[in-house]
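The values are calculated or read from the model by the stated rules, or taken from the named source; none is laboratory data. Predicted model, so just to flag it, every value in this text is computed and none were measured. So basically every Cβ, Gly included, is an ideal-geometry build from the backbone, and we count neighbours across all protein chains shown. For accessibility, only protein heavy atoms count, side chains too; no ligands or nucleic acids. Shrake-Rupley method; radii C 1.70, N 1.55, O 1.52, S 1.80 Å.
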Amino acid sequence: MFVNDITTATLTAAMRGGMARQEALAQNVANSDTPGYQRMTVSFEGALADALADDQAGLSTPGERAVDTVKPTFEVNTNTQTRVDGSNIDPDAEMSELSSNQLAYNTNTRLLAERFQQLAAAISGR
C-alpha cells in the first residue's frame, strides 16, 4: 500500500527524530545562560538506518516494520568543555545546529508532501 510504504514510514520516522532534535536544541538555547546546564543531544539516524536495513532484508517481526519502532534517544552531553559557570552550551553552535536541523526537517516534509501528491494523483487518475 502506497500510504503505508517503507519510504513514507522512513520519512515519518526521520521527521519524528528531527522534531525531537529541534526540541533539545531549543532547550539548549533557552538554557544557554543557566549555570551548570549540560547540553542535550538527540540521536536517531543510526537506529533508523539499522531499522531500514532490517526491513529491506526481511528481518523485521512479521506484521511490524522496524522503521516504525525507531525512537529518538535523548542524551546529556558531558564530553564537551565546560565553561566557568559549569555549563557546556555554545549559543552560536546551537543556533547553527538549529538551522541545519530545520533544513533537514523541511526537506523530509517536502519529500513526504510529494509522496502524498503522487497518491492524490493516482486516486484522481491524473
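Helix-only arithmetic for the chain: the sum of -39500 (n - 2.57) across DSSP H runs with n ≥ 4, divided by the residue total, places the mean residue ellipticity at 222 nm at -20000 deg cm²/dmol. Highest average first, the peptides 58-64, 23-29, 115-121, 68-74 ordered by how many other beta carbon atoms sit within 10 Å of their residues are 23-29, 68-74, 115-121, 58-64. On full extension, the segment bounded by Asp90 and Ile123 gains 6.9 nm, given 0.36 nm per residue less the C-alpha separation.
Near Arg39, the amide H atoms lying under 5 Å from its own belong to Asn77, Asn88; only residues 5 or more places off or on other chains count, and H is placed 1.01 Å from N. Over the range 1-61, what percent of the accessible surface lies on carbon and sulfur atoms, probe 1.4 Å? Here it works out to 59 percent. The range 1-68 and the range 83-126 have Cα centres lying 12 Å from one another.
Highest mean first, the peptides 8-17, 36-45 sorted by other C-beta atoms within 10 Å per residue fall in the order 8-17, 36-45. Counted by Cβ distance under 14 Å from Leu98, the other residues give a net charge of -3, where Lys and Arg count +1 and Asp and Glu count -1.
Heavy-atom accessible surface of the chain, averaged per residue, reaches 62 Å², computed with a 1.4 Å probe.
Using C-alpha pairs below 8 Å separated by at least 6 residues, the relative contact order for the chain is 38 percent.
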